[in-house]
There are 2 protein chains.
Amino acid sequence: MPASTSAPADPHRHDAKPRRRVGRPAAAVLDQDGITLAALQLIGKSGYDGFTMAALARTLNVAPSALYNHVSSKRDVLVLVQDHLTSFVDVSAFDAEPWDRAVRSWAWSYRDVFSKHTPLIPVIAVLPVTDAPKTLAMYEAVSAGFSRAGFPQERIISAIVALESFIFGSAYDVTAPADIFDSGSMAESTPNFTAAVARLADQGHENQADVAFELGLEALIAGFGALRG
Amino acid sequence: MPASTSAPADPHRHDAKPRRRVGRPAAAVLDQDGITLAALQLIGKSGYDGFTMAALARTLNVAPSALYNHVSSKRDVLVLVQDHLTSFVDVSAFDAEPWDRAVRSWAWSYRDVFSKHTPLIPVIAVLPVTDAPKTLAMYEAVSAGFSRAGFPQERIISAIVALESFIFGSAYDVTAPADIFDSGSMAESTPNFTAAVARLADQGHENQADVAFELGLEALIAGFGALRG
DNA sequence: CCACTAAATGAATGCCGTTCATTTAGAATT
DNA sequence: AATTCTAAATGAACGGCATTCATTTAGTGG
């Protein structure tokens, strides 16, 4: 039975003695960290389409079935990758800057990390925090920042969830084709929409996803900021 | 070459004569509408895991390969389903109610429709509007409402995109397990987060996803409402 | 009646994630 | 040093998947 994707040190029995290893421990070719890093590298090189268990095994010079001694499914690997990526999200501003600036830098960083990994979003969005320790650590840092800023306790989680939802949705936008709003031959039947698209284009912003993200994020920050005690 | 998922009536040549049908038109067993409805029904009964091209063909009493005369890929079927579902999103309030109330009812309805179809979100989020006429119609209704409410033209699209991003992200939350924030054995190392989760639970809301959605939506409505001229 | 062709079939392809019986090799115990 | 134990590797196999393609079928326009 392979270790599931939970805490790395697994007490699991009540006494806290250092785990006694039996069997053949030392020269293992594979472990969860190695798998995670190889997966991340493979995804970087081949994308999520090229990310298969067989391909992952190949980069590790191992048979595909060997992976299943350390991981219980492909989804499990994705969870490991997700949690690893979350450690790249910058929460440092919550220690050093006022609340609104901290939220801003956290949100932009969070969106940027996962806009390159949108296939993970359906996984993260419904993942129990117990299965992702680094993600939990991020939540702790953010919660602490909200708390310190005088946010009412009972609304902290809801506010974070709302921000996160906006961030995940916005991560998809980054990957959308530039002409996603070109109404083409149906322009005559959609005058208001077509006009609005044209007016946005007039502004000549290189990156429309950033404009929408900033607009929404500032509204959320302003709205939530008003809740602080 | 099967018709791609674009406008149902395909001019494609400059003269507007009614398309001349040749060959064997009348008694076709299959068409895009029939495929769409059968797909929606199958998804309702078997979920997205049970939704395979083979299963879809079976419900239509047809060989799997026959589908490819009307649809170019499984993704294509998903696009058809997505566009069909979008016609269930309620935009009627934009004709009858003040802007903020209209946005509210549209957003809740939009979230509710797709919270039952989250696997479509990665498809919708990056789909050119040309490939989804009913979705385009929704955008037109919403754009018209924003315009009528005195919203600055050049910001209408960005505001809609931001709202949509929040809606998509929030649709995932609806499907998340209830104990998603239970930090389990790591509670001691995450005191702020754990306390905030407990305080939210104290409130005893049956549905935490709704609370977060409302909080975020109201912030966005308030923030965007201030932009109106 | 003929020619044409859209739309159906059914077999085949290549890939996928995953399972399982089996082997291997090093540590722990004696 | 020999024996025992077992985590971790292998490789073959499985069922299922989306998709392709040569072929057949059956109406329609000429």
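The values are calculated or read from the model by the stated rules, or taken from the named source; none is laboratory data. All values reported here derive from a predicted model rather than from experimental measurement. As a convention, Cβ positions derive from the backbone with ideal geometry for all residues, glycine included, and neighbour counts pool all protein chains shown. To get the accessible areas, we keep the full protein, side chains included, count just its heavy atoms, and leave off ligands, DNA and RNA. Shrake-Rupley method; radii C 1.70, N 1.55, O 1.52, S 1.80 Å.
Scanning segment A:196-207 for residues that are at negative phi and surrounded by fewer than 21 Cβ atoms within 10 Å (Cβ to Cβ) yields A:A198, A:R199, A:A201, A:D202, A:Q203, A:H205, A:E206, A:N207. Looking at (1) more than 16 Å from DNA strand C (Cβ to nearest atom); (2) in contact (Cβ under 8 Å) with a residue 24 or more places away in the chain; (3) away from chain B (no Cβ under 14 Å), can you tell me which one A:R101 breaks? Going through (1) more than 16 Å from DNA strand C (Cβ to nearest atom); (2) in contact (Cβ under 8 Å) with a residue 24 or more places away in the chain; (3) away from chain B (no Cβ under 14 Å) one by one, A:R101 breaks only (2).
Annotation: B:R21 fulfils all but one of (1) within 13 Å of DNA strand C (Cβ to nearest atom); (2) under 30 Å from B:V161 (Cα atoms); (3) modelled with pLDDT under 95; the unmet one is (2). The helices (runs of 4 or more DSSP H) located wholly in segment B:56-138 that include 1 or more residues which are acidic (D, E) occupy B:74-86, B:93-96, B:99-115.
List pairs: first residue in segment A:171-193 and more than 7 Å from chain B (Cβ to nearest Cβ), second residue of a type in the set (K, R) and surrounded by 16 or more Cβ atoms within 10 Å (Cβ to Cβ) anywhere in the structure, Cβ distance under 8 angstrom, at least six positions apart or on different chains. Listed by first residue and then by second, the contacts come to A:A171/A:R111; A:V174/A:R111.
When segment A:119-140 is filtered for residues that are open to solvent by less than 30 Å² (accessible area, probe 1.4 Å) and either more than 19 Å from the chain's Cα centre (by Cα) or in contact (Cβ under 8 Å) with a residue 24 or more places away in the chain (or both), the ones remaining, listed by number, are A:L120, A:I121, A:V123, A:I124, A:A125, A:L127, A:A132, A:T135, A:M138. Tell me the residue from B:I167, B:I156 that is open to solvent by less than 10 Å² (accessible area, probe 1.4 Å), over 22 Å from B:D210 (Cβ atoms) and at pLDDT 95 or above, please. The unique qualifying residue is B:I156.
If only residues of segment B:67-87 that are more than 7 Å from DNA strand D (Cβ to nearest atom) and surrounded by fewer than 15 Cβ atoms within 10 Å (Cβ to Cβ) are counted, the one that is farthest from B:Y110 (Cα to Cα) is B:N69.
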